[in-house]
Amino acid sequence: MKTIFRIISQGETQTINTQNGQSQKSTVVLQELGGRYENTFAATLLGNQITLSANEIVAASLRFTVHEYNGQHYQDITIQDIIKLR
C-alpha cells in the first residue's frame with residue numbers, strides 16, 4: 001500500500017539483534033488523510049531511524065504480511081519507505 005499519511009505517534013527506538021548484526025526499530029502510528037475516523041495503522045520502521053512528530057504528513061509504502069504461530073494467524077505491517085512531505 002502506497003499512500004499519504006498523517007503521523008499520530010512514533011515509539012522509542014529499540015536496538016534489536018538480526019542475522020546481520022544489530023539494527024534499530026520503532027513503531028509508528030499512521031493515519032490515512034481524510035478525517036478523524038480514517039484507517040489507522042501501527043507499523044514497524046526498521047533500519048535507519050528518522051524522527052517523526054505528531055501531525056507531520058508523510059508518503060509511505062507499507063508491506064502487510066501474515067504469519068502463523070501455534071495455530072493462530074498474526075499480521076505484521078512494515079514500513080518499506082517513508083518520506084516527509086511537510
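The values are calculated or read from the model by the stated rules, or taken from the named source; none is laboratory data. Since the structure is predicted, the reported quantities are computational estimates derived from the model, not experimental observations. Note that each Cβ is placed from the backbone with ideal geometry, even for glycine, and that neighbours are counted across all protein chains shown. Ligands, DNA and RNA are excluded from the accessible area calculation, which covers all protein heavy atoms including side chains. Shrake-Rupley method; radii C 1.70, N 1.55, O 1.52, S 1.80 Å.
Laid out as a table, the results:
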quantity	calculated
Size of electric dipole in the chain: Cβ of Lys, Arg +1 and of Asp, Glu -1, about Cα centre, debye, nearest 20	240
Inter-label distance, nm, simple model (7 Å from Cα along the C-beta direction), Glu56/Lys2	2.1
Entry for Cα extents along the principal axes in Å (calculated from the structure that is shown) out of (1) 70, 15, 15; (2) 37, 35, 18; (3) 37, 30, 20	(3)
Portion, in percent, of the accessible area of the chain that falls on carbon or sulfur, probe 1.4 Å	43
Å² per residue, accessible surface of the range 7-86 at 1.4 Å	70
Inter-probe distance in nm under a simple model that places probes 7 Å from Cα toward Cβ, at Gln75 and Glu32	1.2
